[in-house]
1. Taking ASN176 as the residue in question, decide whether it is more than 16 Å from the ligand (Cβ to nearest atom), among the polar types (S, T, N, Q), within 30 Å of ASP241 (Cα to Cα) and out of contact with any Leu (no Cβ under 9 Å at 6 or more places or on another chain).
2. Give the residues of the range 331-351 that are open to solvent by 70 Å² or more (accessible area, probe 1.4 Å) and either without any contact (Cβ under 8 Å) to a residue 24 or more places away in the chain or of a type in the set (Lys, Arg) (or both), sorted by residue number.
3. Listed residues GLU87, GLU48; which is modelled with pLDDT of 95 or more and among the acidic types (Asp, Glu)?
4. Could you list, in sequence order, all residues of the range 319-348 that are of a type in the set (A, V, I, L, M, F, W, C), closer than 26 Å to ASP37 by Cα and in a helix (DSSP H, G or I)?
5. State which residue pairs qualify: first residue closer than 22 Å to GLU108 by Cβ and inside the range 45-63, second residue among the aromatic types (Phe, Trp, Tyr) and open to solvent by less than 40 Å² (accessible area, probe 1.4 Å) in any location, beta carbons under 8 Å apart, and separation of 6 or more residues or different chains.
6. Name every residue in the range 57-83 that is touching an Asp or Glu at 6+ places or on another chain (Cβ under 6 Å) and open to solvent by 10 Å² or more (accessible area, probe 1.4 Å), in order of residue number.
7. Of the conditions (1) among the charged types (D, E, K, R); (2) over 17 Å from TYR42 (Cβ atoms); (3) assigned to a helix (DSSP H, G or I), GLU372 satisfies every one except a single condition; which number is it?
8. I'm told LEU105 meets every condition in (1) over 19 Å from ARG390 (Cα atoms); (2) surrounded by fewer than 21 Cβ atoms within 10 Å (Cβ to Cβ) except one. Can you identify the failing condition by its number?
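The values are calculated or read from the model by the stated rules, or taken from the named source; none is laboratory data. All values derive from a computational prediction rather than experimental measurement. Cβ placement follows ideal geometry from the backbone for every residue including glycine, while neighbour counts extend to all protein chains displayed. Heavy atoms of the whole protein, side chains included, go into the accessibility calculation; ligands, DNA and RNA do not. Shrake-Rupley method; radii C 1.70, N 1.55, O 1.52, S 1.80 Å.
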Amino acid sequence: MKKSLSLFCLLTASLACFGQAGSKAQLLQLVNKELADASVQYTVFKKELSSDRFPKSYNAATDSLVVSNSGWWCSGFYPGTLLYLYEKTKKQELLTEAERIMQPLSKEQFNKGTHDLGFMMYCSFGNANRLQPSAEYRQILINSAKSLSTRFNPKVGCIKSWNSKPANDFLVIIDNMMNLELLFWATRATGDSSFYQIAVTHANTTMKNHFRPDYSSYHVINYHSETGAVQQKKTAQGYADESAWARGQSWGLYGYVVMYRETKDKKYLAQANHIADYILNNPNLPKDKIPYWDFNAPDIPNALRDASAGSVLASALLELQKYVSKPRSDEYIAVAETIVRNLASSTYKAAFGTNGGFILKHSVGSLPGKSEVDVPLTYADYYYVEALTRLQKILKP
Ligand code: GLY
């Protein structure tokens, strides 16, 4: 009896292991295929782009690529995605194209008119320097961090996001949390702690003023530039001032995960977990975990989805899971896996050579602004590929 029970236990254990290993292997196969597919799809743009233009979106009605100059906040995502895909596939043409497009981008290191230098320069030159460190990349990144730092106002305790009038208005958007990673890198590279201090101060001020008691976040806080007082809490790209714009929730989550990684201060880990709880327990998060464009969109369940909110969320969760224990870590991985599986389905993933060369369909730039509604966007692709690389690392340590 004892013997047959042990045999039963052994068999059950092996089956459980096999089942797990089987599904892990299947998921790894999917992730590998997605990275391989993306590396083919990302050779399409270069045939369409003139020398200093960057992919921005795609107009399906005219079957044409929408492009931008290097000053658009998204200009770093195309080279960044190419670099992630080069890292994974070692295909030289991806690296060559990334290096080509980073040439017209490099002048943005001196751009003091935007808070988006983290997106623009760290996703591009940051990845390039990680893969092939060089004095040139290092200097570009340091100059970018210096330019970004000029937008910091010590009275407010934040980096200014958008220039606006009247002059005393000081607008900070939750997205700005994504630009802090560049500053942490700059302190490591130079030993100058002022970049670090700016990042921490910005994150602390944002934690205080951008979040509601349920840990959803406002999109825009309008501070008084001289007193630092909060003048307004509002939205720009969300449904309403009091709603939870989906991508903003993902930016906030990702931002505080980076804050914890860079500082190891537990308050940022707690903040990230609270934001994750808000998103994952939200009754308006669909079963496939690809958020509607706003968690409070009035036409849910018919509201548009935002693939970019999903890809940023997946990537953030795949890092956050490293800093928490079970069952949280399992939940984060499971949600990220669900997002990746759904983004990899034909509902979201474009067929080869279609969609203007973008990997994913169905993102929303600004619905209230009637701009980039239900279209492909470079950042949806960038964070999808990043999520794939993170998932691959978990599955194949
Ligand atoms: N402002 C950046 C975004 O649309 O998410």
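1. Considered against the rule, which asks whether it is more than 16 Å from the ligand (Cβ to nearest atom), among the polar types (S, T, N, Q), within 30 Å of ASP241 (Cα to Cα) and out of contact with any Leu (no Cβ under 9 Å at 6 or more places or on another chain), ASN176 comes out as no.
2. ARG341, SER346, THR347
3. GLU87
4. ILE333, ALA334, VAL335, ALA336, ILE339, VAL340, LEU343
5. Listed by first residue and then by second, the contacts come to PHE45/TYR78; PHE54/TYR78; PRO55/PHE45; PRO55/TYR78; PRO55/PHE358; SER57/PHE358.
6. If the condition is that a residue be touching an Asp or Glu at 6+ places or on another chain (Cβ under 6 Å) and open to solvent by 10 Å² or more (accessible area, probe 1.4 Å), then LEU65, TRP73 are the ones that fit.
7. The failed condition is (3).
8. (2)
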